[in-house]
Amino acid sequence: GQSLEQPSEVTAVEGAIVQINCTYQTSGFYGLSWYQQHDGGAPTFLSYNGLDGLEETGRFSSFLSRSDSYGYLLLQELQMKDSASYFCAVRKDDKIIFGKGTRLHILP
Amino acid sequence: EPEVTQTPSHQVTQMGQEVILRCVPISNHLYFYWYRQILGQKVEFLVSFYNNEISEKSEIFDDQFSVERPDGSNFTLKIRSTKLEDSAMYFCASTGRAREAFFGQGTRLTVV
């Protein structure tokens, strides 16, 4: 089967750095993506890793290691507005499969 | 900026009734999807649609569900006889050749 595993919750302090990990058991996918979802809102795309390594987009970075079946999302200089759920996802065949999501709580 | 639009934003229906959820994907996109999300849970894949036909569907997408693209712009999800457990947020999404999926704001379906 195909599955993506993420921690269910992570807590961090405003201004700090937090890493959300994603491990997967699937093969033959095009790349690993990350989506953010605020309460009551739609998932919005954050980043994509097609190749191994680090991709940086402002305060957010994402990493993929296919040999380790592992990726992570790194959020720097955390702001209160970053409180949301974060989903890793893979595009395989004609569907996008999402992990169960990590709820990020940010403390002032 | 192009966006995916969904209507209605909230639908309340009685158990056993049929509902149609509507979506207008981004016009030059190629793949269209329906997902559902039960409150507090993961985003679950229902179905993908490409080249005017279903390309893949999940085990959730049983005979109660159907999708249509009746014209060049709309993409609909029909649930024939709703059950209480169909209550969820339903998201439409579309992708082009890039990796990013664009999601609509969702339709909250409440079955009573």
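Only the coordinates and a few stated rules stand behind these numbers; no lab work does. Note that the structure is a prediction, hence the values are computed from the model and not measured. Positions of Cβ are backbone-derived with ideal geometry, glycine not excepted, and every protein chain shown enters the neighbour counts.
Things to note:
- Applying a 4.7 Å Cβ-Cβ cutoff to the protein assembly as shown, no cysteine is left without a disulfide-compatible partner.
- Residues in region B:49-54 carry Karplus couplings, in order, of 9, 8, 6, 6, 8, 5 Hz; the curve used is 6.51 cos²θ - 1.76 cosθ + 1.60 with θ = phi - 60°, and Gly or Pro positions show x.
- Other protein chain Cβ atoms within 10 Å, averaged over every residue that makes up A:89-97: 6
- Centre-to-centre, using Cα atoms only, region B:1-56 and region A:7-30 are separated by 26 Å.
- The value for region A:43-100 of Rg(Cα) / (2.2 N^0.38 Å) is 1.18.
- The orientation-averaged projected area of the convex hull spanned by the Cα atoms of region B:56-112 comes to 5.0 nm².
- Evaluating kT/(6 pi eta Rh) at 4 °C and 1.567 mPa s, with the Kirkwood radius of region B:1-89 over Cα pairs in the Stokes-Einstein relation, gives 94 µm² s⁻¹.
- Lysine pair count for the protein assembly as shown [Cα-Cα under 28 Å; pairs on different chains or 8 or more apart]: 19
- The base-10 log of I(q)/I(0) for chain A, evaluated at q = 0.14, 0.19, 0.21 Å⁻¹, reads -0.50, -0.91, -1.10 [Debye formula, identical scatterers on Cα atoms, solvent excluded].
- In percent, rounded to a whole number, the relative contact order of chain A is 36, using alpha-carbon pairs under 8 Å and six or more apart.
- When you work out D = kT/(6 pi eta Rh) for the protein assembly as shown at 4 °C and 1.567 mPa s, using the Kirkwood radius from C-alpha pairs as Rh and the Stokes-Einstein form, the result is 72 µm²/s.
- Cβ neighbours within 10 Å from other chains - mean over B:61-73: 0
- Look at A:Ile20, B:Ile26 and count the other Cβ atoms within 10 Å of each Cβ; fewest to most, that gives B:Ile26, A:Ile20.
- What you get for the protein assembly as shown, charging only the Cβ of Lys and Arg (+1) and of Asp and Glu (-1), is a dipole of about 200 debye around the Cα centre.
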